[in-house]
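Worksheet: the structure to be examined is printed underneath.
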Amino acid sequence: MGKTIYSFELRLDVVLRHLDGVPLKVLAEEIHCSAGDIQKWRDAYLEHGPDGLKPKDHFKHYSSDFKLSVIEYMHSTGSSIRKTAAHFNIPSFSTVMKWERLYNEQGTDAFLIKKHGRGRPVKKRKRKPDSAESNEDLLKEIKKLRMENEYLKKLNALVQDRENSTRKIK
């Protein structure tokens with residue numbers, strides 16, 4: 001089940017009504033969304049005006065410098081993750097949350113590492129042996145298998161002879 005996408009007009013109407021004093025919970029129940037979504041729309045509207053409510057590209061790639069500037073802004077101003085996402089017009093505050101976690105774990109180097117996808121599995125190529133070598137190896141293998149086969153046949157014959165001789169004695 002996909003996420004419900006609300007129209008620009010509906011978002012603008014809800015934000016304006018909230019700014020006029022209608023509580024978040026009332027508006028959220030009315031349009032069947034979370035209060036957090038309305039907070040995000042409100043913050044985006046306050047930062048960027050009506051343009052902040054227009055649909056955004058959720059799969060945008062951000063540069064390392066941009067990510068670092070977002071985290072530095074958040075730390076220097078004491079702004080919340082949601083407010084920082086609204087200030088930089090980032091569609092999802094969880095993106096900023098991931099950046100901050102990476103920054104806290106790895107420092108500024110975390111944004112310089114380029115990771116794209118899961119990587120490709122490395123295919124191992126088998127070296128083709130020379131045809132003369134492979135023929136000799138195959139002949140040796142055949143000879144060995146024939147010898148094993150003869151040995152097992154003789155052993156089987158001896159075991160049967162022994163069993164037959166013990167039966168005659170009884």
message: With the structure loaded, tell me whether Asp109 is at pLDDT 85 or above and either under 30 Å from Asp51 (Cα atoms) or not in a loop (DSSP other than H, G, I, E, B) (or both) or whether it fails that test.
response: no
query: If we scan segment 74-90, do we find a residue that is of a type outside the set (S, T, N, Q), at pLDDT below 80 and under 23 Å from the mean Cα position of the chain (by Cα)?
result: no
- line: Of (1) surrounded by 15 or more Cβ atoms within 10 Å (Cβ to Cβ); (2) closer than 27 Å to Ser7 by Cβ; (3) not β-branched (Val, Ile, Thr), Lys67 fails just (2)
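Of all residues in segment 74-93, count the ones that are in a helix (DSSP H, G or I) and either loosely packed, with under 14 Cβ neighbours inside 10 Å or in contact with a Gly (Cβ under 9 Å, 6 or more places away or on another chain) (or both).
Result for segment 74-93: 6.
The values are calculated or read from the model by the stated rules, or taken from the named source; none is laboratory data. Everything numeric here is computed off the predicted structure, so don't read it as measured data. Cβ atoms come from the backbone with ideal geometry, glycine included; neighbour counts cover every protein chain shown.
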